[in-house]
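The next block holds one structure in the form of structure tokens; read it before the comments.
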Amino acid sequence: MEWKRYVLSSVAGILMVLQIVLILFCGQGDLKILRYIGYALWIVGAFFGWYPIFYLRQKGRVKKGESYVHTKVLVDSGIYSVVRHPQYLSFFFLIVALILVAQDWLNTLIGLIAVFLFYIDTSQADQSLIEKFGNNYRHYMKRVPRLNFFIGIIRRLQDKK
């Protein structure tokens, strides 16, 4: 039954690939400023997607040869002190980037469905992490927002005062 845990993110990932395919075959939108904003969001999304891989390996006591997601301790520092799910956040940035680059109603519709599926999946990820880390993760959830990095940055700055 472990496969059920990955259904939503897999479908959403396929929808993201479909967005890219639509751009490749249907072209990009006419408004350059939106495309440039989309490219910038793509870069931000890439950071939020890749950096956690290295950070979790470094801080999560992952055994050599195991995936970075197999942390042995709850990581709540660095990027994880700002948002609980930076990689899901990266998907949101990437999807919005694709919408802005495409500037097409079909790409927008597909993107919104993918965002919805990824968002639901973050709730399932939280439940899975509660099972893994217990009350420590529940306390972490109260301190750090799921995806809103603006609130996460504000809270982090307030904690430093």
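Laboratory data are not the source of any read-out in this text; all were calculated from the coordinates shown. The shown structure was predicted, so the numbers you read here are calculated from the model rather than taken from an experiment. Note that each Cβ is placed from the backbone with ideal geometry, even for glycine, and that neighbours are counted across all protein chains shown.
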>> If the only charges are +1 at each Lys and Arg Cβ and -1 at each Asp and Glu Cβ, what is the size of the charge dipole of segment 2-160 around the Cα centre, to the nearest 20 debye?
In response: 780
> Any idea which of V7, Y68, L98 is furthest toward the positive side of the dipole for the chain, if Lys and Arg beta-carbons carry +1 and Asp and Glu beta-carbons -1?
Replying inline: Y68
>> Taking the 0 to 90 degree range and rounding to the nearest ten, how far is the long axis of helix 86-102 tilted relative to the main principal axis of the chain, both from C-alpha atoms?
In response: 10
> Summing -39500 (n - 2.57) over the DSSP H runs of n ≥ 4 in the chain and dividing by its residue number, what mean residue ellipticity at 222 nm do you reach, to the nearest 500 deg cm²/dmol?
Replying inline: -24500 deg cm²/dmol
>> Sort I14, I110 by Cβ crowding within 10 Å, fewest neighbours at the top.
In response: I14, I110
> Where a ≥ b ≥ c are the square roots of the eigenvalues of the C-alpha gyration tensor, would you call segment 11-69 rounded, which needs a/c under 1.5, or, failing that, prolate if a/b is larger than b/c, or oblate?
Replying inline: oblate
> To the nearest 10 degrees, how steeply does helix 32-59 sit against the main Cα axis of the chain, on a 0 to 90 scale?
Replying inline: 20
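For a footprinting-style exposure proxy, rank F25, F118, F92 by other Cβ within 10 Å, fewest first.
On the way: F25 7, F118 26, F92 20.
By the 10 Å Cβ count, ascending, the order reads F25, F92, F118.
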> Can you give the net charge of the other residues whose Cβ lies under 15 Å from the Cβ of A97, counting K and R as +1 and D and E as -1?
Replying inline: +1
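If contacts are Cα pairs under 8 angstrom and at least 6 residues apart, what is the relative contact order of the chain in percent?
32
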>> How much length would be gained if the chain were fully extended between V69 and L24, taking 0.36 nm per residue of separation minus their Cα-Cα distance, in nm to one decimal?
In response: 13.0 nm
